[in-house]
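Beneath this line is the structure, given in C-alpha coordinates, with notes to follow.
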Amino acid sequence: MNEQPQWIDGLLVQWGDRLFYPPNRVVRSLTPKLSVQSVHQRADEIRRHIGAVVLRRVPQVMVKVTGGGRGMKAIAAHFRYISKAGRLEIEDELGMKASGREAVRELTDAWRYGGSRIPEEGPRREALNVMLSMPQGTDPLAVLRAAREFAQIEFKDHRYVMVLHDHQANPHVHLSVRMESKHGHRLNPRKADLRRWRELFAERLKGWGVEAGASSRASRGAIRGYEPLWRIRARSEGRLLVAERRPKMEAKAAPAKARSNAWQAIIQVLESSEDSADVKLASAVRGYMKGCMKPTAVCELHIWRAMECDWERVSR
(Lines give C-alpha, C1' and ligand atoms only; values in the text may rest on other atoms or scores of the structure.)
Protein backbone atom coordinates (compact mmCIF):
# COMPACT_ATOMS: atom_id res chain seq x y z
CA MET A 1 0.00 0.00 0.00
CA ASN A 2 1.29 3.43 -0.92
CA GLU A 3 2.06 5.82 1.90
CA GLN A 4 -0.95 8.02 2.50
CA PRO A 5 -1.08 11.75 3.25
CA GLN A 6 -1.11 12.38 6.96
CA TRP A 7 -4.64 13.71 6.98
CA ILE A 8 -6.01 10.55 5.32
CA ASP A 9 -4.50 8.23 7.91
CA GLY A 10 -5.22 10.70 10.73
CA LEU A 11 -8.92 10.82 9.93
CA LEU A 12 -9.08 7.07 9.48
CA VAL A 13 -7.63 6.65 12.97
CA GLN A 14 -10.09 9.19 14.40
CA TRP A 15 -13.20 7.54 12.99
CA GLY A 16 -11.95 3.97 13.26
CA ASP A 17 -11.27 4.40 16.97
CA ARG A 18 -14.66 5.96 17.54
CA LEU A 19 -16.35 3.06 15.78
CA PHE A 20 -14.36 0.04 16.95
CA TYR A 21 -12.81 1.14 20.27
CA PRO A 22 -15.14 3.69 21.91
CA PRO A 23 -14.55 2.64 25.55
CA ASN A 24 -10.78 2.46 25.23
CA ARG A 25 -10.02 5.72 23.47
CA VAL A 26 -11.69 9.02 24.38
CA VAL A 27 -11.24 11.58 21.63
CA ARG A 28 -10.73 14.95 23.34
CA SER A 29 -9.51 16.88 20.33
CA LEU A 30 -9.72 16.73 16.56
CA THR A 31 -6.14 15.52 16.28
CA PRO A 32 -4.80 12.10 17.26
CA LYS A 33 -1.97 12.43 19.77
CA LEU A 34 0.27 10.08 17.84
CA SER A 35 3.52 10.45 15.93
CA VAL A 36 3.39 10.42 12.13
CA GLN A 37 4.80 6.91 12.03
CA SER A 38 2.40 5.57 14.65
CA VAL A 39 -0.55 7.20 12.88
CA HIS A 40 0.29 5.31 9.69
CA GLN A 41 0.65 2.07 11.65
CA ARG A 42 -2.61 2.65 13.49
CA ALA A 43 -4.39 3.49 10.22
CA ASP A 44 -3.19 0.24 8.67
CA GLU A 45 -4.55 -1.58 11.71
CA ILE A 46 -7.93 0.10 11.20
CA ARG A 47 -7.86 -0.93 7.53
CA ARG A 48 -7.23 -4.53 8.52
CA HIS A 49 -10.06 -4.36 11.04
CA ILE A 50 -12.45 -3.00 8.42
CA GLY A 51 -11.33 -5.68 5.98
CA ALA A 52 -11.95 -8.41 8.58
CA VAL A 53 -15.49 -7.16 9.19
CA VAL A 54 -16.46 -6.19 5.64
CA LEU A 55 -14.47 -8.43 3.29
CA ARG A 56 -13.50 -11.62 5.10
CA ARG A 57 -16.53 -11.66 7.39
CA VAL A 58 -14.38 -13.08 10.18
CA PRO A 59 -16.42 -15.33 12.55
CA GLN A 60 -17.25 -13.48 15.74
CA VAL A 61 -16.78 -14.95 19.18
CA MET A 62 -19.61 -14.97 21.68
CA VAL A 63 -19.00 -14.66 25.41
CA LYS A 64 -22.22 -14.60 27.38
CA VAL A 65 -23.06 -14.64 31.07
CA THR A 66 -25.91 -17.13 31.28
CA GLY A 67 -26.66 -16.77 34.98
CA GLY A 68 -25.29 -17.94 38.29
CA GLY A 69 -26.13 -20.17 41.20
CA ARG A 70 -27.54 -18.67 44.40
CA GLY A 71 -26.56 -21.63 46.54
CA MET A 72 -25.15 -25.13 46.23
CA LYS A 73 -28.49 -26.54 45.15
CA ALA A 74 -28.47 -24.36 42.01
CA ILE A 75 -24.73 -24.88 41.45
CA ALA A 76 -25.06 -28.67 41.66
CA ALA A 77 -27.98 -28.59 39.22
CA HIS A 78 -25.88 -26.56 36.77
CA PHE A 79 -22.98 -29.01 37.07
CA ARG A 80 -25.35 -31.85 36.20
CA TYR A 81 -26.77 -29.88 33.28
CA ILE A 82 -23.48 -28.88 31.62
CA SER A 83 -22.01 -32.37 32.11
CA LYS A 84 -25.22 -34.05 30.96
CA ALA A 85 -25.43 -35.88 34.29
CA GLY A 86 -21.80 -36.97 34.03
CA ARG A 87 -21.88 -38.20 30.43
CA LEU A 88 -19.60 -35.38 29.25
CA GLU A 89 -16.09 -34.80 30.56
CA ILE A 90 -15.83 -32.03 33.12
CA GLU A 91 -12.57 -30.20 33.87
CA ASP A 92 -11.61 -28.09 36.88
CA GLU A 93 -9.18 -25.19 37.36
CA LEU A 94 -6.31 -27.61 38.04
CA GLY A 95 -6.77 -29.29 34.68
CA MET A 96 -8.17 -32.45 36.30
CA LYS A 97 -10.70 -34.16 34.04
CA ALA A 98 -13.39 -36.62 35.05
CA SER A 99 -16.73 -37.97 33.95
CA GLY A 100 -19.58 -39.85 35.55
CA ARG A 101 -22.16 -39.02 38.19
CA GLU A 102 -19.74 -39.69 41.04
CA ALA A 103 -17.19 -37.23 39.62
CA VAL A 104 -19.86 -34.52 39.42
CA ARG A 105 -20.83 -35.19 43.05
CA GLU A 106 -17.19 -34.96 44.14
CA LEU A 107 -16.75 -31.62 42.39
CA THR A 108 -19.93 -30.37 44.02
CA ASP A 109 -18.65 -31.38 47.46
CA ALA A 110 -15.29 -29.70 46.76
CA TRP A 111 -17.17 -26.45 46.17
CA ARG A 112 -19.50 -27.00 49.12
CA TYR A 113 -16.77 -27.61 51.67
CA GLY A 114 -13.73 -25.92 50.15
CA GLY A 115 -13.20 -22.31 51.19
CA SER A 116 -16.02 -20.33 52.76
CA ARG A 117 -19.29 -22.17 53.17
CA ILE A 118 -21.87 -21.91 50.43
CA PRO A 119 -25.43 -22.45 51.74
CA GLU A 120 -27.81 -24.76 49.91
CA GLU A 121 -30.00 -21.79 49.06
CA GLY A 122 -29.45 -18.08 49.55
CA PRO A 123 -30.00 -14.60 48.14
CA ARG A 124 -26.40 -14.06 47.04
CA ARG A 125 -25.00 -15.33 43.75
CA GLU A 126 -22.22 -17.80 44.52
CA ALA A 127 -21.27 -18.84 40.98
CA LEU A 128 -21.02 -17.11 37.62
CA ASN A 129 -22.02 -19.13 34.56
CA VAL A 130 -20.33 -18.11 31.32
CA MET A 131 -20.65 -19.56 27.82
CA LEU A 132 -17.91 -19.15 25.20
CA SER A 133 -19.07 -20.00 21.71
CA MET A 134 -18.05 -19.97 18.04
CA PRO A 135 -20.08 -20.46 14.85
CA GLN A 136 -20.72 -23.82 13.26
CA GLY A 137 -17.71 -25.30 11.51
CA THR A 138 -15.15 -24.17 14.08
CA ASP A 139 -12.86 -26.88 15.44
CA PRO A 140 -14.36 -27.82 18.85
CA LEU A 141 -10.96 -28.80 20.24
CA ALA A 142 -9.60 -25.32 19.43
CA VAL A 143 -12.61 -23.78 21.20
CA LEU A 144 -11.91 -25.90 24.28
CA ARG A 145 -8.20 -25.04 24.32
CA ALA A 146 -8.88 -21.33 23.87
CA ALA A 147 -11.52 -21.42 26.63
CA ARG A 148 -9.07 -23.20 28.95
CA GLU A 149 -6.41 -20.51 28.39
CA PHE A 150 -9.04 -17.79 28.79
CA ALA A 151 -10.13 -19.19 32.16
CA GLN A 152 -6.55 -19.62 33.37
CA ILE A 153 -5.92 -15.91 32.72
CA GLU A 154 -9.20 -14.35 33.86
CA PHE A 155 -10.09 -16.65 36.77
CA LYS A 156 -6.70 -17.86 37.97
CA ASP A 157 -7.58 -17.27 41.65
CA HIS A 158 -11.03 -18.85 41.46
CA ARG A 159 -12.44 -22.35 41.45
CA TYR A 160 -14.11 -23.18 38.16
CA VAL A 161 -15.28 -26.09 36.04
CA MET A 162 -15.71 -26.25 32.29
CA VAL A 163 -17.39 -28.58 29.82
CA LEU A 164 -17.21 -28.63 26.01
CA HIS A 165 -20.48 -29.04 24.10
CA ASP A 166 -19.69 -30.12 20.55
CA HIS A 167 -22.88 -32.08 19.88
CA GLN A 168 -24.82 -28.95 18.87
CA ALA A 169 -24.49 -26.67 15.85
CA ASN A 170 -22.19 -24.13 17.47
CA PRO A 171 -19.30 -25.58 19.50
CA HIS A 172 -19.23 -23.91 22.90
CA VAL A 173 -17.79 -24.25 26.38
CA HIS A 174 -19.81 -23.84 29.56
CA LEU A 175 -17.73 -22.31 32.33
CA SER A 176 -18.95 -22.09 35.92
CA VAL A 177 -16.80 -19.90 38.18
CA ARG A 178 -17.02 -19.53 41.94
CA MET A 179 -17.69 -15.86 42.67
CA GLU A 180 -15.38 -15.69 45.66
CA SER A 181 -11.67 -16.09 44.93
CA LYS A 182 -9.21 -18.02 47.08
CA HIS A 183 -8.22 -14.65 48.58
CA GLY A 184 -11.76 -13.61 49.46
CA HIS A 185 -12.34 -11.21 46.54
CA ARG A 186 -15.62 -11.46 44.64
CA LEU A 187 -16.19 -11.18 40.91
CA ASN A 188 -18.19 -8.18 39.79
CA PRO A 189 -18.16 -8.18 35.96
CA ARG A 190 -19.23 -5.10 34.04
CA LYS A 191 -19.67 -4.32 30.35
CA ALA A 192 -16.00 -3.45 29.99
CA ASP A 193 -15.08 -6.84 31.44
CA LEU A 194 -17.32 -8.66 28.94
CA ARG A 195 -15.71 -6.74 26.11
CA ARG A 196 -12.25 -7.67 27.38
CA TRP A 197 -13.33 -11.29 27.74
CA ARG A 198 -14.44 -11.40 24.10
CA GLU A 199 -11.17 -9.89 22.93
CA LEU A 200 -9.13 -12.32 25.02
CA PHE A 201 -11.11 -15.34 23.82
CA ALA A 202 -10.64 -14.25 20.18
CA GLU A 203 -6.92 -13.77 20.81
CA ARG A 204 -6.59 -17.26 22.32
CA LEU A 205 -8.46 -18.77 19.35
CA LYS A 206 -6.06 -17.13 16.92
CA GLY A 207 -3.23 -18.77 18.82
CA TRP A 208 -4.77 -22.13 17.88
CA GLY A 209 -5.12 -21.21 14.23
CA VAL A 210 -8.77 -20.11 14.30
CA GLU A 211 -9.50 -16.70 12.79
CA ALA A 212 -11.91 -14.94 15.12
CA GLY A 213 -13.11 -11.40 15.72
CA ALA A 214 -14.45 -9.60 18.77
CA SER A 215 -16.11 -6.56 17.21
CA SER A 216 -19.34 -5.43 18.81
CA ARG A 217 -22.59 -6.07 16.95
CA ALA A 218 -23.14 -2.34 16.81
CA SER A 219 -19.79 -1.55 15.18
CA ARG A 220 -20.50 -4.24 12.56
CA GLY A 221 -23.80 -2.54 11.77
CA ALA A 222 -26.01 -5.09 13.52
CA ILE A 223 -28.18 -2.57 15.30
CA ARG A 224 -31.62 -3.91 14.57
CA GLY A 225 -33.61 -5.43 17.38
CA TYR A 226 -35.53 -8.64 16.74
CA GLU A 227 -38.59 -9.92 18.56
CA PRO A 228 -37.91 -13.03 20.67
CA LEU A 229 -38.98 -16.28 19.01
CA TRP A 230 -41.01 -17.32 22.06
CA ARG A 231 -43.12 -14.15 21.75
CA ILE A 232 -43.75 -14.66 18.04
CA ARG A 233 -44.81 -18.27 18.57
CA ALA A 234 -46.96 -17.47 21.61
CA ARG A 235 -48.77 -14.72 19.69
CA SER A 236 -49.42 -17.01 16.71
CA GLU A 237 -50.92 -19.62 19.04
CA GLY A 238 -52.95 -17.10 21.00
CA ARG A 239 -51.00 -17.73 24.23
CA LEU A 240 -49.37 -14.32 24.63
CA LEU A 241 -50.67 -12.90 27.89
CA VAL A 242 -47.99 -10.29 28.67
CA ALA A 243 -48.70 -6.84 27.30
CA GLU A 244 -46.30 -6.02 24.48
CA ARG A 245 -43.78 -3.30 25.09
CA ARG A 246 -42.59 -0.93 22.44
CA PRO A 247 -38.80 -0.90 22.10
CA LYS A 248 -37.11 2.15 23.52
CA MET A 249 -35.95 3.45 20.17
CA GLU A 250 -35.17 6.88 21.54
CA ALA A 251 -32.45 5.44 23.78
CA LYS A 252 -30.87 3.65 20.82
CA ALA A 253 -31.16 6.50 18.32
CA ALA A 254 -28.14 8.55 19.43
CA PRO A 255 -25.59 5.66 19.50
CA ALA A 256 -26.93 4.35 16.17
CA LYS A 257 -26.57 7.78 14.61
CA ALA A 258 -23.00 8.10 15.91
CA ARG A 259 -22.07 4.69 14.46
CA SER A 260 -23.65 5.54 11.14
CA ASN A 261 -21.73 8.83 11.07
CA ALA A 262 -18.50 6.96 11.74
CA TRP A 263 -19.11 4.46 8.94
CA GLN A 264 -20.03 7.23 6.50
CA ALA A 265 -16.97 9.27 7.46
CA ILE A 266 -14.72 6.22 6.95
CA ILE A 267 -16.20 5.72 3.48
CA GLN A 268 -15.55 9.35 2.55
CA VAL A 269 -11.99 9.23 3.88
CA LEU A 270 -11.20 6.05 1.95
CA GLU A 271 -12.76 7.42 -1.23
CA SER A 272 -10.56 10.53 -0.94
CA SER A 273 -7.42 8.39 -0.88
CA GLU A 274 -5.17 8.14 -3.91
CA ASP A 275 -4.64 4.46 -3.19
CA SER A 276 -6.87 2.21 -5.32
CA ALA A 277 -7.01 -0.34 -2.47
CA ASP A 278 -8.61 2.27 -0.20
CA VAL A 279 -11.17 3.19 -2.87
CA LYS A 280 -11.99 -0.48 -3.36
CA LEU A 281 -12.38 -0.93 0.40
CA ALA A 282 -14.75 2.06 0.51
CA SER A 283 -16.92 0.43 -2.14
CA ALA A 284 -16.98 -2.80 -0.15
CA VAL A 285 -18.04 -0.90 2.98
CA ARG A 286 -20.92 0.71 1.08
CA GLY A 287 -22.14 -2.68 -0.06
CA TYR A 288 -21.76 -4.10 3.42
CA MET A 289 -23.78 -1.29 5.00
CA LYS A 290 -26.62 -1.71 2.53
CA GLY A 291 -26.97 -5.29 3.63
CA CYS A 292 -26.96 -4.84 7.38
CA MET A 293 -27.68 -1.28 8.43
CA LYS A 294 -29.71 1.62 7.13
CA PRO A 295 -27.78 4.83 7.85
CA THR A 296 -29.64 7.07 10.25
CA ALA A 297 -27.59 10.13 9.41
CA VAL A 298 -24.90 11.02 6.89
CA CYS A 299 -21.77 12.74 8.10
CA GLU A 300 -21.50 16.00 6.20
CA LEU A 301 -18.51 16.53 3.97
CA HIS A 302 -17.54 19.80 5.61
CA ILE A 303 -17.08 18.08 9.01
CA TRP A 304 -14.19 15.92 7.96
CA ARG A 305 -12.85 18.58 5.60
CA ALA A 306 -12.48 20.81 8.66
CA MET A 307 -10.76 17.99 10.47
CA GLU A 308 -8.45 17.60 7.48
CA CYS A 309 -7.40 21.25 7.81
CA ASP A 310 -6.87 20.85 11.56
CA TRP A 311 -4.70 17.79 11.04
CA GLU A 312 -2.56 19.44 8.38
CA ARG A 313 -2.12 22.57 10.51
CA VAL A 314 -0.86 20.83 13.65
CA SER A 315 1.30 18.30 11.82
CA ARG A 316 3.35 20.98 10.04
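List of remarks:
- For the range 130-181, the alpha carbon convex hull comes to 59 Å³ per residue, rounded to a whole number.
- Think of a 1.4 Å ball rolled over the protein heavy atoms: the range 87-184 then has 50 Å² of accessible area per residue.
- Cross-link pairs LYS64/LYS290; LYS64/LYS206; LYS156/LYS206; LYS191/LYS280; LYS73/LYS191 - those with Cα-Cα distance over 30 Å: LYS191/LYS280
- Per DSSP, loop GluC sites (Glu not before Pro) in the range 101-209 with at most 13 further Cβ within 10 Å: GLU120, GLU121
- Surface composition of the range 64-201: carbon and sulfur make up 49 percent of the accessible area, probe 1.4 Å.
- Taking all protein chains as shown and a probe of 1.4 angstrom, SER283 keeps an accessible surface of around 70 Å².
- Net length available on complete extension from HIS185 to ARG87 is 32.0 nm, with 0.36 nm assigned per residue and the Cα-Cα distance removed.
- Compared with the alpha-carbon gap, the fully stretched path from ALA110 to LEU241 is longer by 42.8 nm at 0.36 nm per residue.
The values are calculated or read from the model by the stated rules, or taken from the named source; none is laboratory data. Every value quoted in this text rests on a predicted model; they were computed, and no experiment measured them. No Cβ is skipped: glycine too gets one built from the backbone with ideal geometry, and neighbour counts run over all protein chains shown. These accessible areas exclude ligands, DNA and RNA; they are computed on the full protein's heavy atoms, side chains included. Shrake-Rupley method; radii C 1.70, N 1.55, O 1.52, S 1.80 Å.
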